[in-house]
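Read the structure below first, then the notes.
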Amino acid sequence: MAGNYSPEELYQGLVRHKLIIPVGVPGAFGRGAEFERVLSAFNNAVTGLARDDGAEVMTFPPILDRQVFEKSEFLDSFPQLAGSVFSFSGTDAQHKELSARVHEGKAWGDLQSMTAVVLSPAACYPVYPSFTGTVPDEGRLVDMQNWVFRHEPSMEPTRMQAFRVREFVRVGSPEVVIEWRNMWLKRGLELLLSLDLPARSDVASDPFFGRGGRMLAASQREQKLKFEVLVPVISEEKPTAVCSFNYHQDHFGKIFDIKTRDGSLAQTACLGFGMERVVMALFKTHGFIPSEWPKSVRERLAL
Ligand code: ZN
């Protein structure tokens, strides 16, 4: 299978081996037991690497305070990817109307209104408001895993509408943050190479919306604010990002009033492993049956 790339074949292979379970909507599928076993094994390997880093572990729900989302400026850059939660809060008469329209297959969106939450567009967003104030000299480090929503319906299996990200966030002085980012760039690449994945790192940019977005993407590349670790999963020419490193400079420091002890704005950086993408990279590279994977890979993952 290695060397032969096709999104359809990968999707069909994953379904055939009960690794993923179609649910109808593109970009959303169930995960089978073996898929989850590999995902946990990789997650444990990440935990092992970070064991002595002293991170605070935090767990957030897959929804985000809409005010935090609005402040984050996500909609300025990626309106096409966001998912907002709407709900019904009407009268009895409006409820009758709602039921009738749903049963008749008519549009019913206008009978719902915006709630105080949106779906998390990135695993790290809920954490920044908790940094408000002055961070200690050594900064802070948070470890989290969360479901993320992206409005990108696609039958291409690595492009999902909902997926999990294991993410670490660092806040502190620019020196602290950049040194930590560089350390993980090396560490993340080494981890993936140790699993016999043909991984490499590269400067990257985000999918900014519209014409203005092209300039933002170019400037992000130029300043080397984003790096990705890439593995060919559905294409050799367009390898899949399985890990991404974002240096936000003082973006979140400014928005959420986060300072260092000398009174300057704190900087932040985050790195996230796209858990499903790592798992798919493993199945693509080593085959759909983990017991047949190379011994060194199984040992590294304790599978
Ligand atoms: Zn992040």
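The number of residues in the stretch 109-138 that are within 22 Å of Ser264 (Cα to Cα), among the hydrophobic types (A, V, I, L, M, F, W, C) and away from the ligand (no atom under 16 Å from the Cβ) comes to 1. Pro207 meets each of the listed conditions (1) closer than 19 Å to Thr240 by Cβ; (2) surrounded by 19 or more Cβ atoms within 10 Å (Cβ to Cβ); (3) within 16 Å of the ligand (Cβ to nearest atom) apart from (2). All told, Leu197 meets the bar of being open to solvent by less than 20 Å² (accessible area, probe 1.4 Å) and assigned to a loop (DSSP other than H, G, I, E, B). It is to be established whether one or more residues within the stretch 165-173 are aromatic (Phe, Trp, Tyr), part of a strand (DSSP E or B), within 16 Å of the ligand (Cβ to nearest atom) and surrounded by 17 or more Cβ atoms within 10 Å (Cβ to Cβ). There is at least one residue in the stretch 165-173 that is aromatic (Phe, Trp, Tyr), part of a strand (DSSP E or B), within 16 Å of the ligand (Cβ to nearest atom) and surrounded by 17 or more Cβ atoms within 10 Å (Cβ to Cβ).
Residues of the stretch 247-303 that are part of a loop (DSSP other than H, G, I, E, B), aromatic (Phe, Trp, Tyr) and within 23 Å of the chain's Cα centre (by Cα): Phe256 alone.
When Thr91, Thr115, Thr134, Thr158 are screened for being among the polar types (S, T, N, Q), open to solvent by 80 Å² or more (accessible area, probe 1.4 Å) and out of contact with any Phe, Trp or Tyr (no Cβ under 6 Å at 6 or more places or on another chain), only Thr134 passes.
Let me confirm something: among Lys106, Lys96, which residue is away from the ligand (no atom under 16 Å from the Cβ), of a type in the set (D, E, K, R) and assigned to a loop (DSSP other than H, G, I, E, B)? Before the answer, list the steps.
Numbers: Lys96 fails: assigned to a loop (DSSP other than H, G, I, E, B).
Within the list Lys106, Lys96, the selection yields Lys106.
For the structure I just gave you, tell me whether Glu237 is open to solvent by 20 Å² or more (accessible area, probe 1.4 Å) and away from the ligand (no atom under 16 Å from the Cβ). So Glu237 fits the description; yes.
When each of Val142, Val85 is tested for being within 16 Å of the ligand (Cβ to nearest atom) and either touching a residue at least 24 places away in the same chain (Cβ under 8 Å) or under 19 Å from the mean Cα position of the chain (by Cα) (or both), the lone residue that passes is Val142. Might you let me know whether the stretch 212-233 holds any residue that is charged (D, E, K, R), in a strand (DSSP E or B) and open to solvent by 50 Å² or more (accessible area, probe 1.4 Å)? No, every residue in the stretch 212-233 fails to be charged (D, E, K, R), in a strand (DSSP E or B) and open to solvent by 50 Å² or more (accessible area, probe 1.4 Å).
The set of residues in the stretch 29-62 that are charged (D, E, K, R) and touching a residue at least 24 places away in the same chain (Cβ under 8 Å) comprises Arg31, Glu34, Arg37, Asp53, Glu56.
Only a single criterion out of (1) under 30 Å from Val297 (Cα atoms); (2) of a type outside the set (Val, Ile, Thr); (3) at pLDDT below 95 is not satisfied by Lys186, namely (3). Selection of strands (runs of 3 or more DSSP E) fully inside the stretch 22-93 by the criterion of at least 2 residues being of a type in the set (Gly, Ala, Ser) returns 84-87. Here Pro157 meets the list (1) within 19 Å of the chain's Cα centre (by Cα); (2) within 16 Å of the ligand (Cβ to nearest atom) almost entirely, failing just condition (2). Number of residues in the stretch 16-26 that are surrounded by fewer than 18 Cβ atoms within 10 Å (Cβ to Cβ) and touching a residue at least 40 places away in the same chain (Cβ under 8 Å): the value is 4. Of everything listed in (1) surrounded by fewer than 24 Cβ atoms within 10 Å (Cβ to Cβ); (2) aliphatic (A, V, I, L, M); (3) within 19 Å of Ser194 (Cβ to Cβ), the single unmet condition for Val242 is (1). Within the stretch 95-110, residues that are open to solvent by 70 Å² or more (accessible area, probe 1.4 Å) reach partners that are of a type in the set (A, V, I, L, M) with beta carbons closer than 9 Å, at six or more positions or on different chains, in the pairs His95/Leu111; Glu97/Leu111; Lys106/Ala100; Trp108/Leu98; Trp108/Val102. Step by step: first the residues of the stretch 242-272, then only those that are within 13 Å of the ligand (Cβ to nearest atom) and of a type in the set (A, V, I, L, M, F, W, C), then the one that is farthest from Ala50 (Cα to Cα). Which residue is that? The qualifying residue farthest from Ala50 (Cα to Cα) is Phe252.
The values are calculated or read from the model by the stated rules, or taken from the named source; none is laboratory data. None of the values given here were measured: they were computed from a predicted structure. Here Cβ is always computed from backbone atoms with ideal geometry, including for glycine, and neighbour counts include all displayed protein chains. Each accessible area value is taken on the protein alone, full model and side chains, heavy atoms only, with ligands, DNA and RNA left out. Shrake-Rupley method; radii C 1.70, N 1.55, O 1.52, S 1.80 Å.
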